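Notes to accompany the following structure.
Values in this text are rule-based calculations from the coordinates and carry no lab data. Quick caveat: nothing in here was measured; it's all calculated off a predicted structure. As a convention, Cβ positions derive from the backbone with ideal geometry for all residues, glycine included, and neighbour counts pool all protein chains shown.
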Amino acid sequence: MEPHPAATRFAPFGTTIFTEISALAQRHNAINLGQGFPDFDGPEFLKQAVASALGLNPSSHTSTANQYARMAGVPALAKALAADWSTRTRKSIDWESQVTVTSGCTEALAAAMLGLINPGDEVILFEPFYDSYRACVAMAGGIARVVTLRPHSSISPTITSTPITTFAFDPEQLAAAFTNKTRVILLNTPHNPTGKAFTHDELALIARLCLKHNVTAITDEVYEHLVYDPTSPHLQLATFDGMADRTLTLSSLGKSFSFTGWKVGWAIGSAALNRALRSAHQFLTFSTCTPMQTAAAAAIGSAQGQAAINDLVAMLRTNREFLTRELTALGFNVIPAAGAYFLMADWTNPACLAGRLQSATSDAHVCRLLIEQAGVAAIPASAFYQHPHEGQRFIRFAFCKRNDTLQQAVARLQSWAAHTTAPAPTLAGHKA
Ligand code: PMP
Ligand code: GLN
């Protein structure tokens, strides 16, 4: 018998798909379009701000920031987040009681669940979901009620040959998921892995259901700045009628500023919701890495920060268009992404990659073939589902990579499809 088995609450979750795929990618020198992390650094001014906070910048006269931070976050960062929130939503909030800084959005998700959920409470999730959601519900002793987002055809007067345009939920299925045990609904917009941005009508329905059933909403908005249609800006559930006091909005620095390793996240909402989250946060991490928080304050709501976001969005938009076009040319049915930096690609067309996937039995099998034989890593989408069969048709590609990385990945797929020898691997894999 194993002397120290993991607690049974983690038995269904195994090792995260990101760790698994990145390790496999590294073993086979595959280009990693699986785990969503940029292969380039974020803005220089933020690196300099960390150096100053650490006391490494000789020209800096600021005091160092190397000891524990305030439990709820370094004041400069909490103030910057509150000011930015007020500018964007036209509702002012109190930086001391309504903002909590966490160790990435991952910790904010866990602290929110642990702080709000009692054993037996129900939590509504949309599948596919970011993989930590279900584990967080389980850690809190909650019960996940899952509503499925499915590819939805919309008839376009100009594009008649593309049957699938976006992922959507069935409003009746959502309404039926609310019961007298529902405590929280957790949603992610823009959405990982589908690239979906929840529409105004969808958010309005969610708001109505939350009010009707006295439910708290937790919104994961880590991709809030990564939206590609300038005529459809990011929508926040917290700004819908009646939702300001019942929504906890989570985000982080990682995606907007391409420093996923810094792990600075935050939660914004009413003082009561922040108190609930802090009751867990104080015992999970107590506080978040002080120099990183201090530097992050320079990014939030500043002109330099906004310029960096604009540059990133322009680059990602080009990448999205390139990868969508090339994967489509290779026979994948790619669902257009409105936001975030992932593409869901249906591999089940028999002509996909010139028929080389015809023997594949699952999305996981496809990903293994691509990593081992083509030298390109993607994520099997079924890992993001409670009902894995719903995701079997898809694999997820990340496009938060340098354009030449994407070009090399496409060249490898093309040459594998053409049965020729793939170009020699030149890029190192990523350590998970
Ligand atoms: N939520 C979603 C939807 C994500 O894609 C990620 C990124 N891994 C996270 C949360 C975690 O964010 P962080 O890296 O800030 O912990
Ligand atoms: N958010 C990233 C993704 O979806 C990965 C985060 C992680 O590795 N935990 O790929």
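Worth a mention:
- Chymotrypsin sites (Phe, Trp or Tyr not before Pro) lying in DSSP loop within the stretch 250-335, provided at most 13 other Cβ fall within 10 Å: PHE286
- Sequence-ordered 3J(HN,Hα) estimates for the stretch 267-281 from the Karplus curve with 6.51, -1.76 and 1.60 and θ = phi - 60° stand at 10, 10, x, 5, 4, 5, 5, 5, 4, 4, 5, 5, 4, 8, 4 Hz, glycine and proline given as x.
- Cut-off 14 Å between beta-carbons: net charge of the residues surrounding TRP416, Lys and Arg +1, Asp and Glu -1: +1
- Gaussian network model of the chain, Cα within-10 Å springs - most flexible of ASN274, ASN32, ASN180: ASN180
- Compared with the dominant principal axis of the Cα atoms in the chain, helix 17-27 is inclined by about 50°.
- GluC sites (Glu not before Pro) within the stretch 158-227: DSSP coil, no more than 10 neighbouring Cβ in 10 Å: none
- Against the main long axis of the alpha-carbon atoms of the chain, helix 104-116 sits at an angle near 60°.
- Cα centroid of the stretch 214-254 to Cα centroid of the stretch 80-103, whole Å: 13
- Alpha-carbon spread of the stretch 46-94, three principal axes, descending order, Å: 39, 22, 16
- Sites listed here are trypsin sites (Lys or Arg not before Pro) in the stretch 280-341 whose DSSP assignment is loop and whose Cβ has at most 14 other Cβ atoms within 10 Å, and the list is empty.
- Note on HIS389 and ALA303: the model spin-label points, each 7 Å out from Cα along the C-beta direction, lie 5.8 nm apart.
- Per-bin percent of Cα-Cα distances, the chain [10 Å]: 4, 21, 31, 27, 14, 3, 0
- Distance from the stretch 355-416 to the stretch 1-58 (C-alpha centre basis), Å: 20
- Label-point gap, in nm, between GLN373 and THR361 - each point 7 angstrom along Cα→Cβ: 1.5
- Cut-off under 5 Å, modelled amide H: who pairs with GLU127 long-range: VAL147, THR148, LEU149
- Structure-based [θ]222 nm, the chain - -39500 (n - 2.57) summed over DSSP H runs of at least 4, per residue, nearest 500: -11000 deg cm²/dmol
- If you run the Gaussian network model on the chain, springs between alpha carbon atoms under 10 Å, then out of LYS91, LYS255, LYS401 the most flexible one is LYS91.
- Cut-off 20 Å (backbone N to label point 7 Å along Cα→Cβ of THR231), residues of the stretch 326-349: 336-340
- Stretchable slack from THR8 to LEU56, in nm (0.36 nm times residue separation minus alpha-carbon distance): 12.7 nm
- Using θ = phi - 60° in the Karplus curve 6.51 cos²θ - 1.76 cosθ + 1.60, the 3J(HN,Hα) couplings for the stretch 75-82 round to x, 4, 6, 4, 5, 5, 5, 5 Hz; x is entered for Gly and Pro.
- Taken one residue at a time, the phi angles of the stretch 401-418 give Karplus couplings (6.51, -1.76, 1.60, θ = phi - 60°) of 10, 4, 4, 5, 5, 5, 5, 5, 4, 5, 4, 5, 5, 5, 6, 5, 4, 8 Hz. Gly and Pro are set to x.
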